[in-house]
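This report concerns only the one structure given below.
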């Protein structure tokens, strides 16, 4: 188990992550953190794919746990 998987199965990134700067300081080094989004394959979410979002620091290794939300629409659409 790595330091970032929190005991959950690994997600596989699909495509290129996007990010936006926030005003929140990094708890490790004080730099401004970014909000990162990337589409992932994750067997634990409905439909097997979802959008992963987390906060990460561009200046050091700090990153928050990721939240993955299914991208499958209600009713199987």
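A short reminder: the numbers here are calculations on the coordinates, not readings from a lab. For clarity, every value in this text was computed on a predicted model and none was experimentally measured. For neighbour counting, all protein chains shown are included, and Cβ atoms are generated from backbone atoms with ideal geometry for every residue, glycine included.
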Worksheet item: Once the piece of chain linking residue 29 and residue 71 is laid out straight, how much longer is it, given 0.36 nm per residue of separation minus the C-alpha distance between them?
Response: 11.8 nm
Practice prompt. For region 12-72, just say rounded, prolate or oblate: build the C-alpha gyration tensor, square-root its eigenvalues into a ≥ b ≥ c, call rounded for a/c under 1.5, and beyond that prolate if a/b exceeds b/c, oblate if not.
Written response: prolate
Discussion item. Cβ neighbours within 10 Å, averaged per peptide: list 50-57, 63-70 in order, most packed at the top.
Written reply: 50-57, 63-70
